[in-house]
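All remarks here apply to the structure that follows.
The values are calculated or read from the model by the stated rules, or taken from the named source; none is laboratory data. Quick caveat, the model's predicted, so the values are computed rather than measured. Areas reflect the complete protein model, heavy atoms only, side chains present, ligands, DNA and RNA absent. Shrake-Rupley method; radii C 1.70, N 1.55, O 1.52, S 1.80 Å.
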Amino acid sequence: MHRHQSRIRRRRRRLPQGTTVTDLRMMRRALELARSAAAAGEIPVGAVVYRDGNVLGEAANNREASTDPTGHAEVVAMRQAGERLGSWRLIGCSIAVTLEPCSMCAGALVNARMARIVFGASDPKAGACGSLMNVPQDTRLNHRCPVVGGVLRGPCAQALRAFFRRRRAERRAATASG
């Protein structure tokens with residue numbers, strides 16, 4: 001076995017159970033969107049809503065640019081998908097998002113009847129898909145959806161770490177010169 005093949009097999013073993021090739025492709029696209037958000041000064045989170053391998057909506061965080069407190073990538077991508085489908089019910093759709101959804105986004109995903117939530121990096125401070133709470137699996141709600149976490153966890157977390165490292169350095173530089 002070649003060294004390259006060995007590396008590929010190891011990567012495949014690290015994928016969370018239930019991850020599909022389509023999930024990986026959509027998460028890679030969400031990562032591209034997250035990186036573009038970082039370049040625009042937004043927190044680097046990207047989301048893609050898809051069904052049957054087709055993208056129905058995609059977005060990056062845009063709260064700063066839109067001055068909209070609900071401008072999270074998940075919400076913006078769901079709005080696009082709803083417009084495209086002509087319905088708020090996103091039945092049969094999945095979402096790939098680079099950061100574990102917060103309680104607002106997790107609630108919106110449940111209300112939209114999302115079929116699956118796939119996320120990259122966990123969010124121990126605000127995550128509502130298993131970290132702080134588990135909104136999509138709450139039996140008191142009328143809809144539940146499976147969650148697959150940790151898909152491309154490393155690159156997703158790295159995008160966030162790099163953004164906040166740069167932001168802290170910029171603030172220190174501004175404080176030192178000001």
Among all helices in the chain defined by DSSP H, which have a length of 24 Å or more along the axis from Cα atoms plus a Kyte-Doolittle mean of at least 0.0? 21-39
For Cα pairs less than 8 Å apart in space and 6+ apart in sequence, what is the mean separation divided by the residue count of the chain, i.e. the relative contact order in percent? 19 percent
Please express the shape of the range 61-178 as an equivalent ellipsoid: the semi-axes are the square roots of 5 times the eigenvalues of the C-alpha gyration tensor, given largest first in whole angstrom. 29, 17, 12
Could you check how much of the accessible area of the chain is carbon and sulfur, as a whole percent, using a 1.4 Å probe? 51 percent
Counting all Cα-Cα pairs in the range 122-178, those more than 19 Å apart amount in percent to 52 percent
For the chain, what does the accessible surface come to per residue with a 1.4 Å probe? Please give it in Å². 56 Å²
